[in-house]
Structures are given as C-alpha cells and as structure tokens.
Ligand SMILES: CC(C)(COP(=O)(O)OP(=O)(O)OC[C@H]1O[C@@H](n2cnc3c(N)ncnc32)[C@H](O)[C@@H]1OP(=O)(O)O)[C@@H](O)C(=O)NCCC(=O)NCCS
C-alpha cells in the first residue's frame, strides 16, 4: 500500500468515528468520487464485506477506480458508495454498493442506485446488472432476477475462473435501460433461444 494512503485509511476511520451530531443535519449530496475518496471507500466497503458478501477491494484498486464510483456525502463524510463497472460495450454492473449503517432505511441506497442507473443510461449501456445475495433489494428498485448465464459478459469476465461459479449463492439481477430521454423501462425479455433448436 502506498504509505500516504496507508496513513489516510486510519485517519478516515477516526474521522468517521468522530462524526458529530451536527453532521447528521448536513444535507445529503450525491456526487462522483475522486482519488481522495479512496480511503473512505475502502473503509465503507471493508466494514461491510461480510454483511454484504462484498468483493474485497484494495486501496490501490479504489484509487484507480474512484472515478467510476458515485458517493453520498453529508458534509465531509462519505456515507455511501456504489461503483458503475463496464462489463462490455452494452452491459454495466453495480459493484460495492454500501450505505453506512447509521444512514440505512432512509432512501440513501435508492438515491445511489437511481444515480447509477442514470449514469449507465447516459453512457449508452443497454443493461445494468448486479450480482447479489440481496436480490429483493434490487427487485424493489425495478430490477429482475435472471439466470446468471443471461449475463454472459459477467460470467466471462469474473465468474468463469471463480471456484464458486454456480455455487456462490448470488443472484443476477438486471435492469434493461432505454436511451436517455425515453423514460419507461422496457420489460425484460427472455433471450431468443428455442428449446430443441440447434445452437
Ligand atoms: C442494502 C443497502 C445498500 C440498502 O441501503 P438503504 O439506504 O438502507 O436502502 P433504502 O433505504 O434506499 O431502501 C430502498 C428500498 O429497499 C428496501 N430495502 C432496504 N433493505 C432491503 C433489503 N435488505 N432487502 C429488501 N429490501 C430492502 C427499503 O425498504 C426500501 O423500500 P421502499 O422504498 O419501498 O420503502 C444497505 O443495507 C447496505 O449497505 N447493506 C450492506 C452492504 C450490502 O448488503 N450491499 C448490497 C450488496 S449487493
């Protein structure tokens, strides 16, 4: 770990612990993350690895991927995050979605997902997916549960080499996007595979 970042992580933890009562009164803001947010992203993700069944992230990776993250902030504190990862030309994935425990249940996660959907649509992706142990959460936000193999871009990128492939307990959820300007989500359609047809 880069030394300056290594010292920033504990500092960010201290800052988080010390979040004062007034900070709760600060308005919630949603913005793109920058490299300086990497220690806060690291702290949020690492603190929720088990509960969220999240993929561990290194600080170096978070510095490199910070611009793909959307964060929710109250004053200087980063209270939630989520990453928009391109999986190919047409599909993007939501990764590392976390809301600080003290902020849960008040729609922060929903606002983050809505912003990630808006960005995915604006960037021209046709579908947005997530691989999750909490499919009900995403279904509530408009996603549909699909077989993992319906997202071959993810399977080829990450799952194929994973020892837990098909046994990981994760559900694939997908939201079909329409280009910006056409608001209504198109219904998810089954892929055009006919039973008994030669493949
Ligand atoms: C899952 C998580 C992101 C939800 O964040 P949140 O800010 O509490 O969620 P919201 O308040 O925006 O909830 C949005 C809706 O989902 C519902 N919801 C919240 N948690 C849910 C869950 N675990 N399962 C199903 N629905 C859930 C809410 O009731 C709400 O529905 P409503 O708008 O109809 O009332 C948060 O609990 C978290 O960070 N968990 C730990 C990490 C994790 O599990 N990440 C997800 C990995 S895919």
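For the pair residue 157 and residue 119, how long in nm is the line joining their label points, each one 7 Å along Cα→Cβ?
1.4 nm
What full-extension length gain, to one decimal in nm, is calculated for residue 50 and residue 35 as 0.36 nm per residue of separation minus the Cα-Cα distance?
Full-extension gain reported as 2.9 nm.
Give the order of 42, 137 when sorted by the count of other beta carbons within 10 angstrom, beginning with the fewest.
So the residues, fewest neighbours to most, are 137, 42.
Would you please put 77-86, 27-36, 62-71, 106-115 in order of how densely packed they are, using the mean number of other Cβ atoms within 10 angstrom per residue and starting with the highest?
77-86, 62-71, 106-115, 27-36
Quick check on the range 3-176: of the DSSP beta bridges with both residues there, what percent are antiparallel, nearest 5%?
So the antiparallel bridges amount to about 90 percent of the total.
What ranking of 101, 95, 119 emerges when the number of other C-beta atoms within 10 Å of each C-beta is taken as an exposure proxy, fewest first?
Taking fewest neighbouring Cβ atoms as first place, the list is 101, 119, 95.
Under Stokes-Einstein, with the Kirkwood radius over Cα pairs standing in for Rh, what whole-number D in µm²/s applies to the range 97-138 at 20 °C and 1.002 mPa s?
D, rounded to a whole number, is 186 µm²/s.
Can you tell me the Rg and Dmax of the range 3-176, counting just the alpha carbons, in angstroms?
Reported Rg and Dmax, both Å: 16.1, 47.
What distance in nm separates the two pseudo spin-label positions at residue 26 and residue 176, each 7 Å out from Cα along the beta-carbon direction?
4.2 nm
Can you sort 59, 145 from fewest to most other Cβ atoms within 10 Å of each residue's own Cβ?
Arranged by neighbour count, lowest to highest, 59, 145 become 145, 59.
Every number here is computed from the coordinates shown, using simple stated rules; none is lab data. Computed from a predicted model, the values in this text were never measured in an experiment. Please note: Cβ atoms are built from the backbone with ideal geometry, for glycine as well, and neighbour counts cover all protein chains shown.
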